[in-house]
Amino acid sequence: MSDIDGDLAACAESHARLHQTLQEIDDQTVRAPSRLPGWTVGHVLTHLARNADSVVRRLAAAAAGELVDQYPGGPAGRAAEIEAGHGRSAAEIIADLVAADHAVDAAFAGAAPGVWQRTVRAGNGELIPATQLLFSRWREVEVHHADLGLGYGWQQWPDGLVARWLPILLGELAGRTDERALMAWTLGRAPVPELRPWG
């Protein structure tokens, strides 16, 4: 199995796990607070759907030899779409997200081999290989699935995700805090240092 096939399968499995959780969601649940400050469950689910759309749009653009922004209108457009969608009924939000997830899985499965080495635009505007869309979507679903606060937590994150992503995150720690404080903490000589916001 190629790396692309493995990531495609991992992403589809994450979607399937999320869809199991969606079966337990009702209108009261979508209006409840999530684990993300200021966001309800409906905000998180709407964000996941629009993120899925962004993956499909960028992959289609790559296939056409074009570049598009992750979200129409940039960060403000992203925020507006989430705000517009989070107050819908549970049935509407779930149907939207499931359809968006299926569209991602279909786009990934149907992409021609040559498309994966073409360039797409990340959320910060950086140009990245299209292959990174696979891992990006996988981790987005896993992290936000846990953010829902509905029984799926970081303890259930797949071993493959942790093995791949944790070294990257650890490598970024020095840029988010005082390096000496970080080193002292790893040596058991200081408390956990305060981290600047991620991303």
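Go through the range 139-167 and give me each residue that's part of a helix (DSSP H, G or I), open to solvent by 20 Å² or more (accessible area, probe 1.4 Å) and under 17 Å from residue 97 (Cα atoms). If the condition is that a residue be part of a helix (DSSP H, G or I), open to solvent by 20 Å² or more (accessible area, probe 1.4 Å) and under 17 Å from residue 97 (Cα atoms), then 139, 140, 143, 144, 147 are the ones that fit.
One residue alone among 60, 99 is of a type in the set (A, V, I, L, M, F, W, C), surrounded by fewer than 21 Cβ atoms within 10 Å (Cβ to Cβ), out of contact with any Phe, Trp or Tyr (no Cβ under 9 Å at 6 or more places or on another chain) and farther than 17 Å from residue 132 by Cα, and that residue is 99. Against the conditions (1) more than 15 Å from residue 141 (Cβ to Cβ); (2) without any contact (Cβ under 8 Å) to a residue 12 or more places away in the chain, residue 63 satisfies every one except (2). Quick check on residue 5: is it open to solvent by 60 Å² or more (accessible area, probe 1.4 Å), more than 17 Å from residue 92 (Cβ to Cβ), of a type in the set (D, E, K, R) and out of contact with any strand residue (DSSP E or B) (no Cβ under 6 Å at 6 or more places or on another chain)? Criteria met by residue 5. (1) open to solvent by less than 40 Å² (accessible area, probe 1.4 Å); (2) over 22 Å from residue 58 (Cα atoms): which one isn't true of residue 186, the others all being true? So residue 186 meets the others, but not (1). Looking across the range 63-85, the residues that are open to solvent by 40 Å² or more (accessible area, probe 1.4 Å), more than 17 Å from the chain's Cα centre (by Cα) and under 29 Å from residue 28 (Cα atoms) come down to 76, 80, 83, 84.
Look at (1) modelled with pLDDT under 95; (2) under 30 Å from residue 31 (Cα atoms) and you find that residue 156 fails only one, number (1).
Scanning the range 2-52 for residues being touching a residue at least 60 places away in the same chain (Cβ under 8 Å), farther than 18 Å from residue 105 by Cβ, assigned to a helix (DSSP H, G or I) and not acidic (Asp, Glu) gives a total of 5.
Out of all the residues in the range 103-114, is one or more part of a loop (DSSP other than H, G, I, E, B), open to solvent by 40 Å² or more (accessible area, probe 1.4 Å), touching a residue at least 12 places away in the same chain (Cβ under 8 Å) and among the hydrophobic types (A, V, I, L, M, F, W, C)? Checked against the condition, which is being part of a loop (DSSP other than H, G, I, E, B), open to solvent by 40 Å² or more (accessible area, probe 1.4 Å), touching a residue at least 12 places away in the same chain (Cβ under 8 Å) and among the hydrophobic types (A, V, I, L, M, F, W, C), the range 103-114 yields at least one hit.
The values are calculated or read from the model by the stated rules, or taken from the named source; none is laboratory data. Fair warning: this is a prediction, and the values are worked out from it, not measured in the lab. All Cβ positions, even for glycine, are placed from backbone atoms using ideal geometry, and neighbour counts span all protein chains on display. The protein model used for the area step is the full one, side chains on, heavy atoms only, and it has no ligands, DNA or RNA in it. Shrake-Rupley method; radii C 1.70, N 1.55, O 1.52, S 1.80 Å.
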